[in-house]
Amino acid sequence: SDHMENIYGYLMKYTNLVTGWQYRYFVLNNDAGLLEYFVNEQSRHMKPRGTLQLAGAVISPSDEDSHTFTVNAASGEQYKLRATDAKERQHWVSRLQICTQHHTEAIGKNNPPLKSRSFSLASQGSANSPGVQRRPSQNAVSFFNVGHHRLPTGKRVPIMQPDHLVDVREMMSQAEGQQRDLIRSIECLPASGHLTSLDQDLLMLKATSMATMNCLNDCFHILQLQHASQQKGSLPAGTTISWLDPKISLANHFKNGATQNFPAEINKPASVREEQSIAEPCQLTREPEEINPDEELEDVCDDKEDDLGAVEEQRSVILHLLSQLKLGMDLTRVVLPTFILEKRSLLEMYADFMSHPDLFIAIANGSSPEERMIRFVEYYLTSFHEGRKGAIAKKPYNPIIGETFHCSWRMPKGSVATDAGTSSSAHSPSEQVTLPKDPEGQAEPDYYTVKFVAEQVSHHPPVSGFYAECVERNMCVNAHVWTKSKFLGMSIGVTMVGEGVLHLLEHGEEYTFSLPCAYARSILTVPWVELGGKVNINCAKTGYSASINFHTKPFYGGKLHRVTGEVKQNVMNTVVCRVQGEWNSVLEFTYSNGETKYVDLTKLSVTRKRVRPLEKQGPFESRRLWQHVTESLRDGDIDKATEHKRALEERQRNEERLRAETETPWCTKYFLKDGDGWVYHKPLWKTVSAAQTQQTDSN
């Protein structure tokens, strides 16, 4: 009762996609159990613009940020609100929860619970067609209070025994099974006729039944938290229980140094428990690990993505998903169906952009700044073709925070173009590189090694960092990419926000570059990928720059995958090279001296990357982390793949909430925050600089 005073003040309210967030004046009326809002404080004595009944409502702090929360009324109406800071949000949330609890219990007291269940799931003609029956006399209030009991004043709530949770889990499993049967029944309906599987009401029924099961899982999680707190004693002061995903045990990796105890998993399938808690005999660490390239073997994995069967078979799932999306909607938090996934992580996809290491190494061999810029443009434009696995647009796995991927390439020195444009292992005296001597006195290898490491450094926003280096040629590239996806109607657009920098240490040059946007087109038929947008490559030291345009196909006519670009000397404002063609087919380079060069990407040799075997990989390296999802996709078992994928994603969400509750920042393993970007912790330019300093001191 001490906290039942009325509160009021300004909050931001999300109105719609067009209007967005607007400031509104809110009043919490504790006596009436109402949350009201007005246009401004001056109009608070007029009729409110909106009112929510708080009895039976759910107050949910959002995991988007520390300012946002939602008020979900029992009527189905929702307010999405944003406070000025975390402290103000906590103030509103706690007062709203107290008011909600008070009025909800008052309704339960005035409307005693029914003696028996007021609804049942019953088969109607088939076990695959569950129905819902409700007594005619049942009103909304009594339906809301099914199973709600009030204990006599002064009596302590009994501790729930573990077997009670087992019973709850069993009933939920049955409900989940019936919900799956309902979905199958709808999807088995004919595609045409009086009642089809694409009927709008049935699509809505699928969505609401899924939302109901998610809500039940939230409730079950709260019961688990309460059970755990009762076993250990009361919760710490200030702790709040909010709507969460089903609680699962966290691997040591995700504790990030903290020691936590969670209730044991109850009645979970073994296939899911494996993802939920990766059993490792040793304590996982966030310390950087030096990967020995000699342990890596040539990759034999060749997962092409040309299977149209799954797309055709799952079209109803796509339609169901599209029915819930709006134009311009951010897809970062939308869980996409498993069957559209590639059999690799996004981190590995970034590595596949390095599949032509000979062109990458040859950049440093250019005899002039102009030639080095042109070589970089050539390498850049040839990297996207191999980055795609097949013609079908499929989506790589969203990396889990802390996930890493390591690989390397070995390129014979005689296969790399020198400054004369030929292939030779010899370099001019000015390009000689002092290689580290082998400790056993063995001869230097006759190949270059390009090492690659990628890490998912952030979950919201989803940011990946990747780094590649060739020590023998004193060159490295560091990049960070934030992927932003939006729904565009019959296509999906992905913006690659971020920047990369290529360092040529022999020449003291840095080349900054960006990445184009990607689009998945024709998502209802045969989805395909095209690139679009303008990217720039700049070298401040030499004054050379490149402007590249990836052209999207116009509505009528036009070619697919067209790209044009030019390399300029900025001081003289002269174009030294022009390029045109298709980024996945043939590129034509025209130089200022009139010469023309054609590059057929379909005939370029691809150097297979070298990857450590699964048994030698860490538990959070991409291939080992996603191995069960990948195996299930290879076997065509979409349901099993979805189960494994969901377990990994649930673990990540729970770990993120745990860090938020304990205010524990995430510690990255290989990349460090640098302004708005991320930089590899031990880049080659620091190593070379330190070696030069040491050599100077010794002299």
Item to complete: Pull up the range 456-494, narrow it to residues that are at pLDDT 85 or above and hydroxyl-bearing (Ser, Thr, Tyr), then point me to the one that is nearest to residue 522 (Cα to Cα).
Response: 464
Worksheet entry | Number of positions in the range 398-415 that are of a type in the set (D, E, K, R) and open to solvent by 10 Å² or more (accessible area, probe 1.4 Å) | 2
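Yes/no per residue for (1) within 29 Å of residue 394 (Cα to Cα); (2) surrounded by 20 or more Cβ atoms within 10 Å (Cβ to Cβ); (3) of a type outside the set (Gly, Ala, Ser):
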residue: 634; (1), (2), (3): yes, no, yes
residue: 645; (1), (2), (3): yes, yes, yes
residue: 665; (1), (2), (3): no, no, yes
residue: 675; (1), (2), (3): no, no, no
residue: 678; (1), (2), (3): yes, yes, yes
residue: 682; (1), (2), (3): no, no, yes
residue: 689; (1), (2), (3): no, no, no
Item to complete: Pick out the one residue from 574, 525, 552 that is of a type in the set (Ser, Thr, Tyr) and at pLDDT 90 or above.
Response: 574
Response to the item:
Reported set for the range 461-493 where residues are assigned to a strand (DSSP E or B), among the hydrophobic types (A, V, I, L, M, F, W, C) and surrounded by fewer than 19 Cβ atoms within 10 Å (Cβ to Cβ) is 482
Discussion item. Residues that are among the aromatic types (Phe, Trp, Tyr), outside the structural domain of residue 458 (by the TED database) and either exposed (fewer than 15 other Cβ atoms within 10 Å of the Cβ) or without any contact (Cβ under 8 Å) to a residue 40 or more places away in the chain (or both): does the range 77-92 have at least one?
Written reply: no
Worksheet item: Residues in the range 327-341: is at least one closer than 23 Å to residue 453 by Cα, in the same structural domain as residue 462 (by the TED database), crowded, with 22+ Cβ neighbours inside 10 Å and modelled with pLDDT of 60 or more?
Response: yes
Discussion item. Quick test for you: out of 75, 60, 66, pick the one residue that is within 36 Å of the chain's Cα centre (by Cα), at pLDDT below 90 and part of a strand (DSSP E or B).
Written reply: 60
Practice prompt. Give me the pairs, please: first residue somewhere in the range 46-75 and under 15 Å from residue 92 (Cβ atoms) and aromatic (Phe, Trp, Tyr), second residue anywhere and open to solvent by less than 70 Å² (accessible area, probe 1.4 Å) and not in a strand (DSSP E or B), beta-carbon distance under 8 Å, and either six or more positions apart or on two chains.
Written response: 69/62; 69/83; 69/89; 69/92; 69/93
Worksheet item: Would you call residue 619 farther than 28 Å from residue 86 by Cα and either out of contact with any Lys or Arg (no Cβ under 6 Å at 6 or more places or on another chain) or open to solvent by 30 Å² or more (accessible area, probe 1.4 Å) (or both)?
Response: yes
Discussion item. Among the residues in the range 519-541, are any hydrophobic (A, V, I, L, M, F, W, C), crowded, with 17+ Cβ neighbours inside 10 Å and outside any strand (DSSP E or B)?
Written reply: yes
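The values are calculated or read from the model by the stated rules, or taken from the named source; none is laboratory data. Note that the structure is predicted; figures quoted are calculated from it, not measured. Glycine gets a Cβ as well: all are built from the backbone with ideal geometry, and neighbour counts include every protein chain shown. Side chains included, ligands, DNA and RNA excluded: accessible areas come from the protein's heavy atoms. Shrake-Rupley method; radii C 1.70, N 1.55, O 1.52, S 1.80 Å.
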